[in-house]
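Enquirer: If you scroll down you'll find the structure; I have some questions about it.
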Amino acid sequence: ETVWSVDEPADFFFLVTSGRLMTTHATDPADDEPNLSGYESSSSYSGYDRVPGLARGERVIEYLEAGAMVGYLNFFNHTGRAANLKTVLSDQAEGLVMTQKAFEKMRETNPREAMAIMVACLNRSEVEYRHHTRLVALAM
């Protein structure tokens, strides 16, 4: 099941509480991408795994499990989605959704909680950045 697709408005982000999700993106089916596995966190990077049921040329970028936050960069930057977000096969994923309206209300009524959410998102970004720089170094 698709939660969101590339270029859709990012009017919410998602904190996974149970189940499993995956981010996917269309690639050239002729590409032979390396498998760059080994990410250790609440999510795991697959390095473009091929999964049954995906469209031709669509590859998995990342698997997300409980504790993972997804969609927050586009949410805070007010940009379109950078990847598709889907449930993994028959997994029923559940999570907490933060909408723009709810976040704006939280900023007004409880700025400390809003700041804590933003800090958590920045921390997640740092972990992702460190992982991606390692992948780039391995690919060189």
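The values are calculated or read from the model by the stated rules, or taken from the named source; none is laboratory data. Remember, it's a predicted structure, so these values are computed and weren't measured experimentally. Cβ sites come from the backbone with ideal geometry, for glycine too, and all protein chains shown count toward neighbours. Areas reflect the complete protein model, heavy atoms only, side chains present, ligands, DNA and RNA absent. Shrake-Rupley method; radii C 1.70, N 1.55, O 1.52, S 1.80 Å.
Enquirer: Criterion first (touching a strand residue (DSSP E or B) at 6+ places or on another chain (Cβ under 9 Å) and assigned to a helix (DSSP H, G or I)) does Ala120 satisfy it?
Expert: yes
Enquirer: Another question about this same structure. Among the acidic types (Asp, Glu), within 13 Å of the chain's Cα centre (by Cα), modelled with pLDDT of 75 or more and open to solvent by 70 Å² or more (accessible area, probe 1.4 Å): does that describe Glu128?
Expert: No: the conditions fail for Glu128.
Enquirer: Moving on. Count, please, the residues in segment 62-94 that happen to be of a type in the set (S, T, N, Q) and either loosely packed, with under 13 Cβ neighbours inside 10 Å or part of a loop (DSSP other than H, G, I, E, B) (or both).
Expert: Number of matching residues: 4.
Enquirer: Follow-up. Filter segment 95-117 down to the residues that are exposed (fewer than 14 other Cβ atoms within 10 Å of the Cβ) and within 17 Å of the chain's Cα centre (by Cα), then identify the one that is farthest from Phe76 (Cα to Cα).
Expert: Among them, the one singled out is Leu96.
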